[in-house]
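Read the structure below first, then the notes.
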Amino acid sequence: MAAALNLSGPPDSDSSSVGDQSVSSRIGNRSLRVAEKERKKLEAVDPFVSALKYFSDVEAGTPVVGNDEFENNLVLVERVAFSKGLSPEAISIMLEFAMSLRMGTSPCVRVLKCLIPASVVPQEAVVRACVWLCVGKIPTSTQVLFIKWVLTVFDMIDAKDQLRAIYGFIFSFVTDENLCPFICHLLYLLTRKESVRVFRVRKLLELQSKLGRQPFLLHLLSLYKVFCPELVTLSIPSRMRSGFRNHNSPWKSALIAVQKRNNSQFASSTSLPFTIKDKPSSRKRKNCHLQLPALHSAVNKQGQSSSSQKLVPLVQLRSFAELLENMHRIELPAQMGSLLGSSLALQYLDCVQDESALLRLNFWLGCALHEEFLFCGDGGASQNSEEALLFLSKLLSTQHFLQEGFSSTEAFLYKFLCVWDGSLLRPEILGLLSNIPVVPSTQIKQILFEPLMQLFFTSSVFFKCGLIECLNDMLLKWLTWHSVYALEDDLDISLNSHTSINMTLSGFKDSVMELILFVGRLASVGLQLEGCHSLFLNFVLDFYETVCDTFLKYGLPLVVMPPAGVFYPALFATDPVSVDRLAYIMYRYKVNLVSAKSEEKITEAFHISRQTFREFNHYSVVMVNCLWNSKMFSPGMGVELGEELLLKSNVPQHWRSFDLIHHPAFMSYAVSFYQKCWPRRKDMDLNSIKHSKPWSWYLEYLYSQGYDGLKHIVPAQ
């Protein structure tokens, strides 16, 4: 019985399995028929799907002329592309159709111009299109257009690992003179340390010898030098103009429109430095570049390669502790401008000092500033003053956080000063100007002093005050950089940890000297133009409070005295604060000169000009004789008037007119002191304060009012 049961089992199981297979086969066929029916229904309902199917299935050699079906389908694709943008699948189909030249070269350009992504661009489609370049049938102008498109949508490509895998294939096109500028730009975006090879450096140097020192070649070589300095021995200029032009691509305005409609978070950092912010339709300017892009990962999360899985996107970090744990595994965002809006990103830049990240950020920032403030012809930042204010404020706070400026900002400012009216975004522009590194003395007059001088003499007193404050901050930063980065042998100083600006100590002293003398000339003329305005005079004295301590406080063997056009207006000022500050400044000059004199005896290389000592001695004698000894207008005082003129003035005892009792700044204090000492006297004789005891009491009275600077010039005893 058991055997019979065992023998009868298998046939039953076979029949049941055959039945199951037939049932599943019927179900599968039914599902295929349903899917096919749904597809046909969708094609019937959505003509755009039919148009994509046409371009996907069209055979090679199909004529274009007189082909109404082709024209109607392409018009439909263009309409969808410019209104909503194309999906990744549509981008793949249309790009494959264009680059394969199945219908010749004539429709290729038209198709490329309508490739407006709605979200992302598939990396596989770009790679396949790059492969079609080697066929040799595509015209050079069409190849250039394709590379421009790739540069425009570079940050919308969902991943970059396969593109970097064909880095060598892309590099082979640098020998084409027409493609070279655009290929260098694409290589600049794709380059990693492992991409730098000796033969590639040699090829770029050969091209440079053939084409000259082209900016696009220099920028790519500068990036190679950052990764492998031992391979690139070429001297790269520290200040280069933008190497990659911000081309007016045919997709720019269409991308802006699609982003605004779809509220897309993607944008191209090459042609669209900022994402688009919705504004009222009354704005005249169509392109807005003043909103920082959002922080996004550069790699598609769903399609990461094995190498990219080891990286940690910066956008995923939430605390400084997480940043420290993953400091050497950080994946930078696709749009470098987003670093300005992230405190953790700034911490990363400050700690790691990634040269490649700074190069990319400087390139992005340079394009944004030039396009918005210099190259725009329809108002630019003046039409978007609120957005420009927020952007420049964010840039300024970033530079304050990093405690140094960006080279791209410096290059922009030198150009912008020549067209600036002095009022547009004045606090922000002056704040950025104060952060520029030391300028060589041979260049500082042309690129900095001449435009500032024109603005200074044609502006209000408030601009003059702001400019003097800006130059004071600039001098403070220069002196601080010197005190921090000066080498022990005092021969060379590195003024910026992220740039290659190195100069000798004598060169640095020359630059600082030029800046101090320039401010002295501005201050002298400005005080005359503004009638010795008290506010302006206080900003000038702020500057010389910095200058008087250059030796002791910042270790720079340089002492520069203020010009007579600053000293005498401060000495004869009508407010006591200015006179007191001048007394303190002269005291600090004395301390610095005494210390410098003792140092000069020890070190032969150290030397302060004798003219400086003579100027200080002269100013000290004038100040003491004026405020203390009551010997004003005496011969050799610097301010001399003829005896006849003094007699005609009918001023009694004119030699006492500017002592601490009769000085216009302290007359009210002398009257108040006299009334407190001799309240019952009817006739006021201020000269009685000059007696020994009242004089010492009067000086103590002035010191009690907070005028401590006078202590060092006029002692109480």
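Remarks
- Enumeration of residues in segment 453-479 that are open to solvent by 10 Å² or more (accessible area, probe 1.4 Å) and within 11 Å of residue 540 (Cα to Cα): 466, 469, 472
- The single condition among (1) crowded, with 18+ Cβ neighbours inside 10 Å; (2) modelled with pLDDT of 80 or more; (3) hydrophobic (A, V, I, L, M, F, W, C) that residue 346 does not satisfy is (1).
- Lone unmet requirement of (1) open to solvent by 50 Å² or more (accessible area, probe 1.4 Å); (2) not in a helix (DSSP H, G or I) for residue 103: (1)
- Output for segment 198-233, where each listed residue is surrounded by fewer than 19 Cβ atoms within 10 Å (Cβ to Cβ), in contact (Cβ under 8 Å) with a residue 24 or more places away in the chain and not in a helix (DSSP H, G or I): 214, 228, 231
- Some residue of segment 56-69 being crowded, with 20+ Cβ neighbours inside 10 Å and of a type in the set (A, V, I, L, M, F, W, C): no
- Of the candidates 355, 325, 331, the single residue that is farther than 22 Å from residue 153 by Cβ and more than 18 Å from the chain's Cα centre (by Cα) is 325.
- Residue 167 vs. criteria of a type in the set (Phe, Trp, Tyr) and farther than 29 Å from residue 259 by Cβ: yes
- Some residue of segment 146-166 being polar (S, T, N, Q) and within 29 Å of the chain's Cα centre (by Cα): yes
Residues are listed down the side, and each one gets a yes or a no for (1) open to solvent by less than 30 Å² (accessible area, probe 1.4 Å); (2) within 22 Å of residue 53 (Cβ to Cβ); (3) at pLDDT below 90:
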position	(1), (2), (3)
85	yes, yes, yes
95	yes, yes, no
107	yes, yes, yes
119	no, yes, yes
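- Residues of segment 153-190 that turn out to be more than 23 Å from residue 117 (Cβ to Cβ) and touching a residue at least 40 places away in the same chain (Cβ under 8 Å), as a count: 3
- Restricting 652, 569 to residues that are out of contact with any Phe, Trp or Tyr (no Cβ under 7 Å at 6 or more places or on another chain), modelled with pLDDT of 90 or more and within 27 Å of residue 668 (Cβ to Cβ) narrows the list to 569.
- Filtered by the rule that a residue be touching a helix residue (DSSP H, G or I) at 6+ places or on another chain (Cβ under 7 Å) and surrounded by fewer than 18 Cβ atoms within 10 Å (Cβ to Cβ), segment 429-444 gives 440, 444.
- From the list 539, 551, 567, 572, the lone residue that is under 27 Å from residue 506 (Cα atoms) and not hydroxyl-bearing (Ser, Thr, Tyr) is 551.
- Scanning segment 416-462 for residues that are among the small types (Gly, Ala, Ser) and over 20 Å from residue 370 (Cα atoms) yields 441, 459, 460.
- Looking across segment 526-535, the residues that are more than 10 Å from residue 465 (Cβ to Cβ) and loosely packed, with under 15 Cβ neighbours inside 10 Å come down to 528, 529, 531, 534.
- Residue check, residue 378 open to solvent by 50 Å² or more (accessible area, probe 1.4 Å), assigned to a helix (DSSP H, G or I) and modelled with pLDDT under 85: no
- Flag for residue 43 being more than 28 Å from residue 127 (Cβ to Cβ), surrounded by 15 or more Cβ atoms within 10 Å (Cβ to Cβ), modelled with pLDDT under 75 and not small (Gly, Ala, Ser): yes
Yes/no per residue for (1) open to solvent by less than 30 Å² (accessible area, probe 1.4 Å); (2) assigned to a loop (DSSP other than H, G, I, E, B); (3) more than 24 Å from residue 701 (Cα to Cα); (4) in contact (Cβ under 8 Å) with a residue 40 or more places away in the chain:
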| site | (1), (2), (3), (4) |
| --- | --- |
| 537 | yes, no, yes, yes |
| 540 | yes, no, yes, yes |
| 545 | no, no, yes, yes |
| 557 | yes, yes, yes, yes |
| 560 | yes, yes, yes, yes |
| 565 | yes, no, yes, yes |
| 573 | yes, yes, no, yes |
| 580 | yes, no, no, yes |
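- Residue within segment 341-350 that is within 16 Å of residue 403 (Cα to Cα), part of a helix (DSSP H, G or I) and charged (D, E, K, R) present: yes
- Filter result (out of contact with any Lys or Arg (no Cβ under 8 Å at 6 or more places or on another chain), among the charged types (D, E, K, R) and under 19 Å from residue 219 (Cβ atoms)) within segment 161-207: 176, 177, 193, 197, 200, 202, 203, 206
- Taking the criterion of being under 19 Å from residue 546 (Cα atoms) and in contact with a Pro (Cβ under 9 Å, 6 or more places away or on another chain), the residues of segment 590-614 that qualify are 596, 608.
- For segment 391-419, taking the residues that are part of a loop (DSSP other than H, G, I, E, B) and out of contact with any helix residue (DSSP H, G or I) (no Cβ under 7 Å at 6 or more places or on another chain), the one that is nearest to residue 462 (Cα to Cα) is identified as 419.
The values are calculated or read from the model by the stated rules, or taken from the named source; none is laboratory data. Here the structure is a predicted model, which means the values were calculated and not measured. All Cβ positions, even for glycine, are placed from backbone atoms using ideal geometry, and neighbour counts span all protein chains on display. When the accessible area is computed, the model is the full protein with side chains, heavy atoms only, and any ligands, DNA or RNA have been set aside. Shrake-Rupley method; radii C 1.70, N 1.55, O 1.52, S 1.80 Å.
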